[in-house]
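Shown next, in structure tokens, is the structure this report addresses.
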Amino acid sequence: MPHPGYITFHGEPYALSGSPLPVGSPAPDFMLVQFEAGVQRVIDRQALLDAGKPVLLSVITSVDTPVGSLQAKTFDGLLQEFSGRVTALLVSSDLPFTLNRFREAEHLRCLVGGSDYYGSFGEAYGVRIEEPRILTRAVFVLDHECIVRYEQVVDEITTEPDYAAAIAALAAML
């Protein structure tokens, strides 16, 4: 079922699948995958709850796109002021190995990579483009109980998100 809205890519509309996730709603469960040192790790809603910290979810299509790369690097720099007091995930359609390569090459310190190659996150959060079944650009901030406190689904996928608003929402919970 399409999202009530669409995003655009260079002005061409694309439908989103899943349900919109409004501020104030409980974050739905999802499954992201990481591979570190040859071991698969799953990141899900329960893992975020167990961490007991506010959460920033920086959602991109790919680290190999100019705006996806910029979004990851910008948020990583801005998150350094929070010094471990938040959980920050870079959620991407990329394979875990691609995320690892990018994080190492760019020396990211704050964002942990989570691959949505199963599509669980995109569907649950209403940010998966129906065709070609990849993530759109979005940002979510959750409180320590996984309640959505900020959300932005960027209308045009080639546009950066509102970094200041997302960081302000995160800072307000500390």
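Read-outs: derived from the displayed coordinates by stated rules, not from any lab. Everything numeric here is computed off the predicted structure, so don't read it as measured data. Positions of Cβ are backbone-derived with ideal geometry, glycine not excepted, and every protein chain shown enters the neighbour counts.
Find the residue count for the range 1-50, including only residues that are part of a helix (DSSP H, G or I) and either basic (Lys, Arg) or touching a helix residue (DSSP H, G or I) at 6+ places or on another chain (Cβ under 6 Å) (or both). Write out each step before concluding.
Residues of the range 1-50 that are part of a helix (DSSP H, G or I), as a first pass: 45-50.
Going one step further and asking which of them are either basic (Lys, Arg) or touching a helix residue (DSSP H, G or I) at 6+ places or on another chain (Cβ under 6 Å) (or both), we end up with 45.
The number of residues fulfilling the criteria is 1.
Whether any residue in the range 86-94 is part of a loop (DSSP other than H, G, I, E, B), within 24 Å of residue 6 (Cβ to Cβ), free of Cβ contacts under 8 Å to residues at least 24 places away in the same chain and in contact with a strand residue (DSSP E or B) (Cβ under 8 Å, 6 or more places away or on another chain) is what I want to check. Give the derivation first.
The initial filter retains those residues of the range 86-94 that are part of a loop (DSSP other than H, G, I, E, B), namely 86, 93-94.
The next check asks that each one be within 24 Å of residue 6 (Cβ to Cβ); those that pass are 93-94.
Filter once more, keeping what is free of Cβ contacts under 8 Å to residues at least 24 places away in the same chain: none.
Among the residues of the range 86-94, not one is part of a loop (DSSP other than H, G, I, E, B), within 24 Å of residue 6 (Cβ to Cβ), free of Cβ contacts under 8 Å to residues at least 24 places away in the same chain and in contact with a strand residue (DSSP E or B) (Cβ under 8 Å, 6 or more places away or on another chain), which makes the answer no.
Can you name the residue in the range 79-95 that is in contact with a Leu (Cβ under 9 Å, 6 or more places away or on another chain) and more than 20 Å from residue 145 (Cβ to Cβ) and, of all such residues, is surrounded by the fewest Cβ atoms within 10 Å (Cβ to Cβ)? Even if it seems obvious, please write down each step before you answer.
To start, the set of residues in the range 79-95 that are in contact with a Leu (Cβ under 9 Å, 6 or more places away or on another chain) comprises 79, 82, 85-93.
Imposing the further condition that a residue be more than 20 Å from residue 145 (Cβ to Cβ) reduces the set to 79, 90, 92-93.
Values: 79: 21, 90: 27, 92: 29, 93: 24.
Looking at residues that are in contact with a Leu (Cβ under 9 Å, 6 or more places away or on another chain) and more than 20 Å from residue 145 (Cβ to Cβ), I get 79.
Figure legend. Inter-residue proximity from the range 110-131: first residues surrounded by fewer than 19 Cβ atoms within 10 Å (Cβ to Cβ), second residues assigned to a loop (DSSP other than H, G, I, E, B) and basic (Lys, Arg), beta-carbon distance below 7 Å, spacing 6+ or different chains. Indicated pairs: 119/133.
Please go through the range 72-93 and pick out each residue that is under 12 Å from the mean Cα position of the chain (by Cα) and more than 13 Å from residue 167 (Cα to Cα).
Start the filter on the range 72-93 by keeping residues that are under 12 Å from the mean Cα position of the chain (by Cα), which leaves 72, 75, 87-93.
Matches in the range 72-93: 72, 89, 90, 91, 92, 93.
The one condition from (1) in contact with a Lys or Arg (Cβ under 8 Å, 6 or more places away or on another chain); (2) part of a loop (DSSP other than H, G, I, E, B) that residue 62 does not meet is (1). Looking across the range 116-138, the residues that are touching a Ser or Thr at 6+ places or on another chain (Cβ under 6 Å) and either assigned to a strand (DSSP E or B) or among the β-branched types (Val, Ile, Thr) (or both) come down to 127, 128, 129, 134, 135.
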